[in-house]
Amino acid sequence: MLIMAINPAFGVSPLERVVVNDARLVNLSGSTLGEHILVNQQVQITAKITNTQDTIQNFVYIVQIKDENDVVVKLGWISGSLTKFQSFSPSLSWIPKDSGVYMTEIYVWDTLLHQGALTNNVTLEIITS
């Protein structure tokens with residue numbers, strides 16, 4: 001009698017392939033800033049992204065900033081790859097030109113073309129004066 005052992009397929013949910021945490025604003029020295037910044041103050045929008053898989057994962061770190069009228073005032077991205085279980089803290093620079101309240105949205109996708117989300121998006125509110 002031939003007995004075959006079948007291992008169940010294990011896969012990480014598409015929205016759990018990368019974990020995003022510690023989203024924040026930092027200055028050029030890397031010191032954390034609060035949500036209140038000055039007009040013409042350069043800030044970096046950063047977050048820690050971690051590959052939760054035992055395989056290499058390509059990623060695109062996307063930052064979109066909208067003003068109070070829901071108009072996009074900044075859109076930028078960084079692409080790369082994470083080795084298995086690697087963490088990385090990409091950042092994108094922004095200099096607000098006007099005072100107001102801005103909503104920052106951080107996305108991590110597998111590519112720009114496919115737009116396959118690797119995790120849920122993260123938001124930060126920024127108040128400038």
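A short reminder: the numbers here are calculations on the coordinates, not readings from a lab. Quantities reported herein were computed from a predicted structural model and do not represent experimental measurements. Note: ideal-geometry Cβ built from the backbone for every residue, glycine included; neighbour counts use all protein chains shown.
Values as computed for the structure displayed
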{"quantity": "Scan of segment 57-75 for residues that are in contact with a Phe, Trp or Tyr (Cβ under 8 Å, 6 or more places away or on another chain) and closer than 15 Å to Glu105 by Cβ, ordered by number", "calculated": "Val60, Tyr61, Ile62, Val63, Gln64, Ile65, Lys66, Asp67, Glu68, Val73, Lys74"}
{"quantity": "Complete set of residues in segment 106-129 that are buried (at least 17 other Cβ atoms within 10 Å of the Cβ) and farther than 19 Å from Pro90 by Cα", "calculated": "Thr128"}
{"quantity": "Residues satisfying the stated conditions in segment 75-107, i.e. under 20 Å from Val20 (Cα atoms) and basic (Lys, Arg)", "calculated": "Lys84"}
{"quantity": "Entirely in segment 15-126, the strands (runs of 3 or more DSSP E) that have 1 or more residues that are among the small types (Gly, Ala, Ser)", "calculated": "18-26, 43-51, 72-82, 91-94, 100-109"}
{"quantity": "Hits in segment 69-93 - residues which are under 20 Å from Leu33 (Cβ atoms) and either free of Cβ contacts under 8 Å to residues at least 12 places away in the same chain or over 15 Å from the mean Cα position of the chain (by Cα) (or both)", "calculated": "Val73"}
{"quantity": "Enumeration of residues in segment 92-122 that are within 18 Å of Ser13 (Cα to Cα) and among the small types (Gly, Ala, Ser)", "calculated": "Gly116, Ala117"}
{"quantity": "One residue from Val43, Val39 being out of contact with any Leu (no Cβ under 9 Å at 6 or more places or on another chain), β-branched (Val, Ile, Thr) and in contact (Cβ under 8 Å) with a residue 40 or more places away in the chain", "calculated": "Val39"}
{"quantity": "Pro96, sole failed condition from (1) surrounded by fewer than 16 Cβ atoms within 10 Å (Cβ to Cβ); (2) more than 16 Å from the chain's Cα centre (by Cα); (3) under 18 Å from Lys66 (Cβ atoms)", "calculated": "(1)"}
